[in-house]
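A quick write-up on the structure given underneath.
Derivation of every value follows stated rules applied to the coordinates shown; laboratory data play no part. As the structure is a prediction and not an experimental result, all values here were calculated from the model. Virtual Cβ from ideal backbone geometry, glycine too; neighbours counted across all protein chains shown.
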Amino acid sequence: MAIATKIKNSLVYIFGMIKNSRKSKCIFYHDIHSDSCFTDMSTPSVLFEKHINIIRENGFEIVSEITKEEEQILISFDDGFKGVYENIEIINRLKIPITIFIVPSYLGSKNFITKEQLKELNNNPMITIQSHTLTHSDLPLLSSKILENELSNSKQILEEICGTDINSICFPKGLFSKKVVDIATKVGYARQYSSLPGNYYNEVFPTVKRRSLVQFSSEKEFLSILKGGDHFLNNWYTNKHFSR
């Protein structure tokens with residue numbers, strides 16, 4: 001493990017002990033795997049189950065929508081890799097509500113779910129489908145017209161496939177700007193998810209929620225993140241992801 005990572009993990013642990021927060025928050029992954037692995041961002045299913053146990057053993061509730069200031073966790077997966085589909089037994093057995101942010105242009109591509117598999121997932125009561133844009137572009141770099149098409153077309157395609165209201169989006173690579181937020185709100189995304197760590201109700205903008213990346217977190221680091229240990233990284237992530 002690199003020295004910088006060791007230092008970061010140590011600080012997350014220390015800040016977690018100091019904050020000891022019970023605030024509700026969003027956490028996210030990209031995929032899970034048992035045998036076949038479809039992305040280097042995938043989390044081993046054994047580690048994922050340990051994360052779920054830690055959440056519940058510490059008195060947090062896993063929910064499909066956060067409605068309380070404290071003790072609720074929203075779990076999401078980005079992109080639509082095949083691993084979640086192939087390991088759906090874990091989701092069903094542990095009764096874990098999750099949100100999957102889908103990139104419609106990826107459907108049927110290598111390592112990603114198909115349109116038919118998306119329909120199957122959407123019919124699962126444990127799963128909510130939402131948007132991850134049409135092509136996973138760097139949103140702040142797009143012109144206003146192309147940006148609006150990127151966001152609205154993804155919403156329209158997913159609504160046609162799933163027959164449900166698509167009203168949430170997460171920003172590819174966590175990149176966003178005030179223009180991105182304004183246009184996303186305009187086309188109908190009431191909730192927009194960043195990759196900036198923090199509590200659910202400590203919004204970046206009125207429509208923009210914070211999320212903590214936990215896909216490679218050890219059990220110790222994961223518990224520290226639940227307690228707010230990664231919040232000290234907010235300025236670093238803001239400088240990296242938010243275009244002023």
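Of everything in segment 175-197 that is closer than 17 Å to residue 78 by Cβ and hydrophobic (A, V, I, L, M, F, W, C), the residue that is surrounded by the most Cβ atoms within 10 Å (Cβ to Cβ) is 184. The criterion of at least 2 residues that are crowded, with 16+ Cβ neighbours inside 10 Å and in contact (Cβ under 8 Å) with a residue 40 or more places away in the chain is met, among strands (runs of 3 or more DSSP E) falling completely within segment 1-67, by 25-29, 31-33, 42-44.
How many residues, within segment 144-169, are hydroxyl-bearing (Ser, Thr, Tyr) and within 17 Å of residue 99 (Cβ to Cβ)?
3
Taken over segment 157-174, the criterion of being surrounded by fewer than 17 Cβ atoms within 10 Å (Cβ to Cβ) and either more than 17 Å from the chain's Cα centre (by Cα) or over 23 Å from residue 82 (Cβ atoms) (or both) is satisfied by 159, 160, 163, 164, 165, 167. The number of residues in segment 226-244 that are touching a residue at least 60 places away in the same chain (Cβ under 8 Å), over 21 Å from residue 30 (Cβ atoms) and surrounded by fewer than 19 Cβ atoms within 10 Å (Cβ to Cβ) comes to 3.
Counted as qualifying within segment 86-185 are the strands (runs of 3 or more DSSP E) with 2 or more residues that are under 27 Å from residue 241 (Cα atoms) and touching a residue at least 60 places away in the same chain (Cβ under 8 Å), namely 98-102, 168-170. Candidates are the residues of segment 68-85 that are out of contact with any Leu (no Cβ under 8 Å at 6 or more places or on another chain) and in a helix (DSSP H, G or I); the one that is surrounded by the most Cβ atoms within 10 Å (Cβ to Cβ) is 83.
If you go through segment 196-228 and keep only what is in contact with a Cys (Cβ under 8 Å, 6 or more places away or on another chain), of a type in the set (D, E, K, R) and more than 17 Å from residue 52 (Cα to Cα), you end up with 209, 210. The sole residue among 213, 223 that is touching a residue at least 60 places away in the same chain (Cβ under 8 Å) and more than 18 Å from residue 78 (Cα to Cα) is 223.
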